[in-house]
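Note sheet for the following structure.
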Ligand code: NAD
Ligand code: IPM
Ligand code: MN
């Protein structure tokens, strides 16, 4: 069988350190070719822009895209005219039409005690954040003058319908739809459209609506309650970092960004470039490795390989693997090797 063609975007900070972990474990389960591209701050330094046309074209022509993380203090200017690494990420999501971001939160038994939350609270949690990724306040008109700034939050009915379908299709029992309908016009449209899609197309899935502020509270007070959490771009961003702490660390949470069926997806950890630990070889590579598993599952329809990889991660953790963020001392390379060992023992 021909090798799957993957574009890799190492990006900045810990990005280059963890992307290697993903390609090493992928090579242990299948046949892949990798085409690396500069992205984010690394691309700004060389090309003056975080995302070149050549990179967009390469991603569109690939079977899937693996991205580590972008950003860092070097490019953290508040000058609106200065290019930002994060613009590359938003531009790529838009260019590839990646409107559906799936962020599974599945705390592993081996890590129950690595979470700052009580074990009895998180036990049995298995939820999925479905985040709208190409609309909302991230993409509305931005205005900046010397003494004034604004960000427009916009959603159309069709944008809400398609992400609502993604959420209902993924649900096993219940969709909790998040909004701020008590304040925002976009929140009222969101609630209306989600309710209609539910009534017309998915009446057998339970639907509940929750305001984002109390949902943030409930996510740590009663996480087992949630099955699928459906949220707009901004609320989904915030709630997923919160939900990461159920797994013990932000370094554990993978994500899949998907567009229309058949188009290449983008797979990246939920966390950022972790500038505070970059260059030391101590980053947790598991969110990146689990993102590679989502590439196998959602991008390449290789379910058996995806499950094998996830199970290898589970067993490595059960065997005691802990990077610094999980309270241990394993390096990035040691963590990767622990997963590779479990894969070869499978
Ligand atoms: P961050 O996610 O980079 O880091 C938050 C904290 O979590 C830090 O203490 C960091 O050390 C820790 N952490 C994150 N990933 C880890 C890992 N794999 N292993 C161990 N520890 C890990 O968030 P931040 O510091 O707010 O942002 C840093 C930069 O990353 C910013 O420029 C931001 O815009 C960017 N960012 C990029 C992405 C992305 O590329 N997808 C996502 C989020 C943030
Ligand atoms: C994420 C990140 C990005 C986002 C940033 C870096 C633009 O936080 O992927 O969660 O807000 O979408
Ligand atoms: Mn985020």
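All of the numbers you see were taken from the coordinates with simple rules; none came from a lab. What you see is a predicted model, and the numbers here were worked out from it, not measured in a lab. Please note: Cβ atoms are built from the backbone with ideal geometry, for glycine as well, and neighbour counts cover all protein chains shown.
Of note:
- Taking 260, 242 and counting other C-beta atoms within 10 Å, the order from fewest to most: 260, 242
- Alpha carbon centroid spacing (whole Å) that separates region 316-346 from region 226-255: 23 Å
- Computed E for residue 213/residue 118 - FRET, C-beta separation, R0 25 angstrom, nearest 0.05: 0.65
- Length gained on full extension, residue 204 to residue 76: 41.4 nm, using 0.36 nm per residue less the C-alpha separation.
- Rounded Å value of the spacing that divides the Cα centres of region 284-301 and region 1-77: 14 Å
- When each of the peptides 132-138, 249-255, 209-215 is scored by how many other beta carbons lie within 10 Å of its residues on average, the order from highest to lowest is 249-255, 132-138, 209-215.
- If the chain linking residue 334 and residue 165 were pulled fully straight, counting 0.36 nm for each residue of separation and taking away their Cα-Cα distance, it would gain 56.8 nm.
- Where only DSSP H runs of four or more residues are counted, the chain gives -12000 deg cm²/dmol as its mean residue ellipticity at 222 nm, each run worth -39500 (n - 2.57).
- Approximating the spin labels as points 7 Å out from Cα along Cα→Cβ, the residue 3-to-residue 185 distance works out to 5.3 nm.
- Remark: the residue 27-residue 154 segment gains 41.5 nm on full extension, using 0.36 nm per residue and subtracting the alpha carbon distance.
- Dimensionless Rg/Rh of the chain - Kirkwood Rh, Rg from C-alpha atoms: 0.95
- Ascending count of other beta-carbon atoms within 10 Å, so fewest first, for 103, 119: 119, 103
- Burial ranking of peptide ranges 300-308, 221-229 (average Cβ count within 10 Å, highest at the top): 221-229, 300-308
- Each residue of region 75-142 gets 154 Å³ once the volume of the Cα convex hull is shared out per residue.
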